[in-house]
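Data first, discussion second: the structure below is written as structure tokens.
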């Protein structure tokens, strides 16, 4: 039977109790992590912004058991219709990030502004010829080293660990145990939670791709827009590096027409959803 257990220790579990805020945040994001795994299993792949349909709730339902002392330990048991393998999938995603976060010399995120300027220059000089979108499905960018679901799952876990990354948390710890067809236990303190965060939030730009579709909305304040991909029929966030590039595209929004542009996949934690992942605008197709 599948089982999940969360053990809170230190400052956040004084007198063998935890706050409603701590508990609520933990439960919400752990359920989201399981939902991400369930959606991947159901569809065969997870895409960004995918929503959990109500008819799948039972397959991802864990039942709360009575809490125990020892800090504060809260357990959950899989319901009768809980889908086998979901907790193993969550565990595998956490394990990969934990192992990477233990390596020495953690890599920093790429400077996106500098990387984008370099990509523009490479396209102009003919060093890079923008690929068709299908290429990223058939032969992913070398910087894409893991499935998007891994990124989605560990992002939810990282939100739980934010509880112990703050100065307020003092000596707090969180331990997450998962038991399905395999069993694993992951313990975190402030330092290991910070390292975990550094790993799973690492960002870089992929190689230039030709995108075709419509602009559905524009947000000047945040230099971004919503792009509806004509190939995948899914929406992506389109990011701009400056006001000039934003202005270059806004006329296509006003006219509500399909246009083609060069963009770079915004790769996070070595993962990118080619269907609906964020894109950095490079320029219009020559």
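The values are calculated or read from the model by the stated rules, or taken from the named source; none is laboratory data. All figures in this text were calculated on a predicted structure; none of them were measured in a lab. A quick note on method: Cβ atoms are made from the backbone with ideal geometry, for glycine too, and the neighbour counts reach across all protein chains shown.
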Qualifying residue in the stretch 150-163 (condition: surrounded by fewer than 17 Cβ atoms within 10 Å (Cβ to Cβ) and either farther than 16 Å from residue 203 by Cβ or out of contact with any strand residue (DSSP E or B) (no Cβ under 7 Å at 6 or more places or on another chain) (or both)): yes
Selected residue (criterion: nearest to residue 8 (Cα to Cα)) from residues of the stretch 32-57 that are surrounded by fewer than 16 Cβ atoms within 10 Å (Cβ to Cβ) and touching a residue at least 24 places away in the same chain (Cβ under 8 Å): 49
Residue check, residue 17 at pLDDT below 95, surrounded by fewer than 20 Cβ atoms within 10 Å (Cβ to Cβ) and assigned by TED's automatic domain parsing to the domain that holds residue 88: yes
Only one of 86, 77, 106 that is touching a helix residue (DSSP H, G or I) at 6+ places or on another chain (Cβ under 9 Å), closer than 27 Å to residue 22 by Cα and either modelled with pLDDT of 95 or more or surrounded by fewer than 17 Cβ atoms within 10 Å (Cβ to Cβ) (or both): 86
Residue 207 vs. criteria in contact with a strand residue (DSSP E or B) (Cβ under 7 Å, 6 or more places away or on another chain) and touching a residue at least 12 places away in the same chain (Cβ under 8 Å): yes
The stretch 231-242, subset farther than 16 Å from residue 50 by Cα and modelled with pLDDT of 95 or more, residue surrounded by the most Cβ atoms within 10 Å (Cβ to Cβ): 238
Strands (runs of 3 or more DSSP E) fully within the stretch 204-286 counting 3 or more residues that are closer than 23 Å to residue 155 by Cβ: 224-229, 235-239, 259-268
